[in-house]
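Presented below is the structure to which this report refers.
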Amino acid sequence: MSSKNKALFPLALAALGVVYGDIGTSPLYAFKEAMAGHHALSPSPEHVFAVLSALFWSITLIISIKYVLVVLEFDNEGEGGVLALTALAQRVARKAGGITTGVVLLGVFAAALFYGDAIITPAISVLSAVEGISVAAPELSEWVVPITVVILTLLFSIQRQGTSVVGKYFGPVTVVWFLTLAALGLASIAQTPEILGALDPRYALRFALNEPHPAFLMLSAVFLVLTGGEALYADMGHFGKVPVRLAWYGLVCPALVLNYFGQGALVLRDPSAVANPFYLLSPEWFLPILIGLATAATVIASQAVISGAFSITIQASRLGFLPRFRVLHTSDVEKGQIYIPAMNWMMWASVLLLVMEFGSSSKLANAYGIAVCAAMIIDSALCAFVVTHRTMRHRGLLLALLASFLALEGLFLAGNLSKFASGGWLPTAMGISLFILLTTWKRGSAMVAEQRHAIDIPMADFLAAPPPDVPRVAGNAVYLCSDLDLVPTALFHNLKHFKVLHERNIFLHIDTEEVPYVMAADRLKVRDAGNGMFVVSVRYGFRQEPDVPSALALPAAAHLDLNPMITSFFIARSQVVEGPGALPPWRRGLFAWMTRQSEGAAATFHLPPNQVVEVGTQVML
């Protein structure tokens, strides 16, 4: 076996917990909600066969074909997820001379919707697992919510420590989970093998024709089997396409289908089991073990979503849609393991509020679906946009497939909208609110740049003719520039107040590319502009962490002689004040608040604290 193949199976194992944790816990509640949820169906054989047929073909079409087979091919230099796809679509549109604004807004809205999913997933997953207590010991039902709150609080509390200690157990635990799902399902199917007839799509189609209204309402529950599908695309960069596909086709998909059909077989034998068909599949002696295993699986699924929220926050910040956040690294080995305190505790408060407000997984299911479905639709639309603007093989077939996915997902979205008043409004409102935050920061930052263009000195003029009568002092001054076309604000105020220039002045610009990674060999570009002036460009991908001292230590910057004892970094910190700008007062206030929450450039770019000089400026919007 080649070394490449040897590495494939460990990667597929690692992918199980991270990539499939969310969709892998859906059997806890999805089939139950379809049969006994908000729009309950009678547990008749016709309804059981129709629901299972719809579940199976939804998984096949949306997950097995759309995401695992098609969408994984739309990677941005190996990275997936809606922001990576948006950056790819933007780059493709720019090359084709197309308009990119609509593409960007679509991707940003999908990213905003992701946060709604990120707080509902831990709440519904852990709550549904702990609800097994009420099956094993009904007298302990009142302890379900308190135990859930304790587990979730512990989960968010350990984020600061990172997942390296427990992360190595994620893959093996998830393997045991999926094997257990398959074993429980197989045991039940063996008793009622006729349930396998539900593989026939005609059961679902016949139900839709004969009972269109109940079938339409059923879609919102059926969609629960697909939640987490977008995660496998977002996490492909960590593992690669082949391990993600191997894990899905080799274990995850068969285990899920077997368990769903096992639950259906159980309900055929005992219609009263519809109350909680997942836990009632278990032999009584195994129930405590199953509750513990389910809880572990849902904690792993929640961890994957929390880590995903941290990751997408950093990506949005580096693409200019959020201010800089305080980011702590929890591993000396894995750069991707990060912790954002503000985001972590906001999510914790939101998740606990959901648990205590809704109180059960069935009620929480009403809030689940709209945001995820809308994000899936945006994925399909962006993929179609890339296919349209790129020369690709099988373009016609791809467009036909994507159009079919869009039509099916449109039906799911319409079905989920039936739950809007009973909880679906929550992630929708959250997504819209976050979209306003993201676009406000982008617009406010653009207006600040426009204002600077109007009043600041052009860099080309300054470099061509530096002020001749300004005294020079010994040492190096490194000015961080957001725009290399303009003299940095910090230098402008340095000249205004102190009336001196350093012997050597380095204008440093950090550029975040629309690709996930930039090779170290392409990181740094230094230009000697004469008169002791140097222009330095540092390039990073949107998944990389900018580190200025490390970049300036590269061989390309060796001749700058940046001795720490004689080098100072000058940065400007802005304060937003009222002005004649185009932003309405409420949005200006929001932008000002976000500016105050922003992490300083010194911490973000890892500048040595004892070498940093901050200059305060005012910006009128």
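The values are calculated or read from the model by the stated rules, or taken from the named source; none is laboratory data. All figures in this text were calculated on a predicted structure; none of them were measured in a lab. Don't worry about glycine lacking a Cβ; one is built from the backbone with ideal geometry, like all the others, and counts go over all protein chains shown.
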Problem set entry | helices (runs of 4 or more DSSP H) wholly inside the range 206-297 that include at least 3 residues being over 22 Å from Ser58 (Cα atoms) and in the same structural domain as Ala50 (by TED's automatic domain parsing) | 236-239
Problem set entry | In the range 564-604, residue nearest to Ala490 (Cα to Cα) [restricted to those that are in a loop (DSSP other than H, G, I, E, B) and in contact (Cβ under 8 Å) with a residue 60 or more places away in the chain] | Gly600
Exercise. Considering only residues of the range 76-101 that are out of contact with any helix residue (DSSP H, G or I) (no Cβ under 9 Å at 6 or more places or on another chain) and not charged (D, E, K, R), which is modelled with the lowest pLDDT?
Worked result: Gly97
Problem set entry | Those helices (runs of 4 or more DSSP H) lying entirely in the range 7-110 with at least 1 residues touching a Gly at 6+ places or on another chain (Cβ under 9 Å) and closer than 14 Å to Trp248 by Cβ | 21-24
For this session: Please indicate, with yes or no, whether at least one residue in the range 419-434 is surrounded by 20 or more Cβ atoms within 10 Å (Cβ to Cβ), at negative phi, touching a His at 6+ places or on another chain (Cβ under 7 Å) and assigned by TED's automatic domain parsing to the domain that holds Val103.
Result: yes
Exercise. Among the residues of the range 451-472, which ones are assigned to a helix (DSSP H, G or I), surrounded by fewer than 12 Cβ atoms within 10 Å (Cβ to Cβ) and charged (D, E, K, R)?
Worked result: Asp461
Seminar exercise, completed: Sole miss for Lys525 among (1) modelled with pLDDT of 90 or more; (2) in contact with a Leu (Cβ under 9 Å, 6 or more places away or on another chain); (3) among the charged types (D, E, K, R) is condition (2)
Exercise. Does Ala183 count as in a helix (DSSP H, G or I), crowded, with 19+ Cβ neighbours inside 10 Å, within 34 Å of the chain's Cα centre (by Cα) and not basic (Lys, Arg)?
Worked result: no
For this session: Out of Ala129, Ala118, Ala93, Ala137, report the one residue that is closer than 30 Å to Ala294 by Cβ and either without any contact (Cβ under 8 Å) to a residue 40 or more places away in the chain or surrounded by fewer than 24 Cβ atoms within 10 Å (Cβ to Cβ) (or both).
Result: Ala137
Exercise. Based on what the data block shows, is Val470 outside the structural domain of Phe74 (by TED's automatic domain parsing) and at pLDDT 90 or above?
Worked result: no
Problem set entry | Of the criteria (1) at positive phi; (2) within 16 Å of the chain's Cα centre (by Cα), which one Leu72 fails | (1)
For this session: For the range 518-535, indicate whether the set of residues that are surrounded by 15 or more Cβ atoms within 10 Å (Cβ to Cβ), in contact with a Cys (Cβ under 9 Å, 6 or more places away or on another chain), assigned to a strand (DSSP E or B) and in contact (Cβ under 8 Å) with a residue 24 or more places away in the chain is non-empty.
Result: yes
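Rundown of residues vs (1) modelled with pLDDT under 85; (2) under 30 Å from His389 (Cα atoms); (3) in contact with an Asp or Glu (Cβ under 9 Å, 6 or more places away or on another chain), yes/no style:
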{"residue": "Ala111", "(1), (2), (3)": "no, yes, no"}
{"residue": "Glu131", "(1), (2), (3)": "no, no, no"}
{"residue": "Gly162", "(1), (2), (3)": "yes, no, yes"}
{"residue": "Val165", "(1), (2), (3)": "yes, no, no"}
{"residue": "Lys168", "(1), (2), (3)": "yes, no, no"}
{"residue": "Leu181", "(1), (2), (3)": "no, no, no"}
Exercise. Out of all the residues in the range 539-556, which are out of contact with any Phe, Trp or Tyr (no Cβ under 9 Å at 6 or more places or on another chain) and either under 24 Å from Leu463 (Cα atoms) or not assigned by TED's automatic domain parsing to the domain that holds Leu486 (or both)?
Worked result: Arg539, Leu552, Ala556
Exercise. Do we have any residue at all in the range 388-396 that's at pLDDT 90 or above and β-branched (Val, Ile, Thr)?
Worked result: no
Seminar exercise, completed: Flagged in the range 524-547 as acidic (Asp, Glu) and closer than 21 Å to Arg326 by Cα, in numbering order, are Glu545, Asp547
Problem set entry | Check on Leu413, in a helix (DSSP H, G or I) and either among the polar types (S, T, N, Q) or in the same structural domain as Val222 (by TED's automatic domain parsing) (or both) | yes
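This table checks each residue for (1) more than 20 Å from Val613 (Cα to Cα); (2) touching a helix residue (DSSP H, G or I) at 6+ places or on another chain (Cβ under 8 Å); (3) assigned to a strand (DSSP E or B); (4) aliphatic (A, V, I, L, M).
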{"residue": "Ala490", "(1), (2), (3), (4)": "no, no, no, yes"}
{"residue": "Asn494", "(1), (2), (3), (4)": "no, no, no, no"}
{"residue": "Glu503", "(1), (2), (3), (4)": "no, no, yes, no"}
{"residue": "Ile506", "(1), (2), (3), (4)": "no, yes, yes, yes"}
{"residue": "Pro516", "(1), (2), (3), (4)": "yes, yes, no, no"}
For this session: Might you let me know whether the range 56-68 holds any residue that is within 26 Å of Ala221 (Cβ to Cβ) and more than 25 Å from the chain's Cα centre (by Cα)?
Result: yes
For this session: Consider only pairs whose beta carbons are under 7 Å apart and that are at least six residues apart or on different chains; among these, list those whose first residue lies in the range 473-487 and is loosely packed, with under 15 Cβ neighbours inside 10 Å and whose second residue is part of a loop (DSSP other than H, G, I, E, B).
Result: Val473/Val500
Seminar exercise, completed: Restricting attention to the range 407-463, the residues that are without any contact (Cβ under 8 Å) to a residue 60 or more places away in the chain, within 28 Å of Leu319 (Cβ to Cβ) and touching a Ser or Thr at 6+ places or on another chain (Cβ under 8 Å) number exactly 3
